[in-house]
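Let me give you the structure first, and then I'll get to my questions.
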Amino acid sequence: MKKITLTFLLCLAVSISFSQSKIWKTTSEKGEFQGHSIEKLDANNSAVLALDFVAFQQQLENVPLRGVSASASKTLISLPNDKGALQVFNIIEAPVFSASLSAQYPSIKSYIG
């Protein structure tokens, strides 16, 4: 039974990693980022990633609200860490605006995970 459970969890982790990694792609983009030339990066120790913003937004569409059904959150997102590896986070929406400001600016949201 333990082998079956372990195999299932491993398959789930691999499938999540592959589905998440589709929104992040390595790119050969040129130019500057925050005043630093991308061309001057050490190619052996760095990578430039591009985010598929539309796909990322779609992942965030059905995130549960904090305090309502946060324990049932199944929304996983991947973000690159300082080593360039994708790190997976289980997230929930955590509003910081008052109700009136949230209504006035519905596209501004915050998340924790």
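The values are calculated or read from the model by the stated rules, or taken from the named source; none is laboratory data. Being a predicted model, the structure only gives us computed values, none of them experimental. All Cβ positions, even for glycine, are placed from backbone atoms using ideal geometry, and neighbour counts span all protein chains on display.
Confirm whether V68 is at pLDDT below 80 and not hydroxyl-bearing (S, T, Y).
yes
If you don't mind, there's one more thing I want to ask. Looking at A94, A85 in this structure, which one is more than 21 Å from D52 (Cα to Cα), under 16 Å from the mean Cα position of the chain (by Cα) and free of Cβ contacts under 8 Å to residues at least 60 places away in the same chain?
Only one candidate qualifies: A94.
Return the total of residues in the stretch 23-60 being farther than 20 Å from G84 by Cα, of a type outside the set (A, V, I, L, M, F, W, C) and under 13 Å from the mean Cα position of the chain (by Cα).
The total comes to 3.
Tally the residues that are in a strand (DSSP E or B) and within 23 Å of Y111 (Cβ to Cβ), restricting the search to the stretch 24-58.
The qualifying residues number 5.
Still on this structure, please answer the following. Could you list all residues from the stretch 61-82 that are surrounded by fewer than 12 Cβ atoms within 10 Å (Cβ to Cβ) and under 17 Å from the mean Cα position of the chain (by Cα)?
Passing the criteria: E61, N62, K74, N81, D82.
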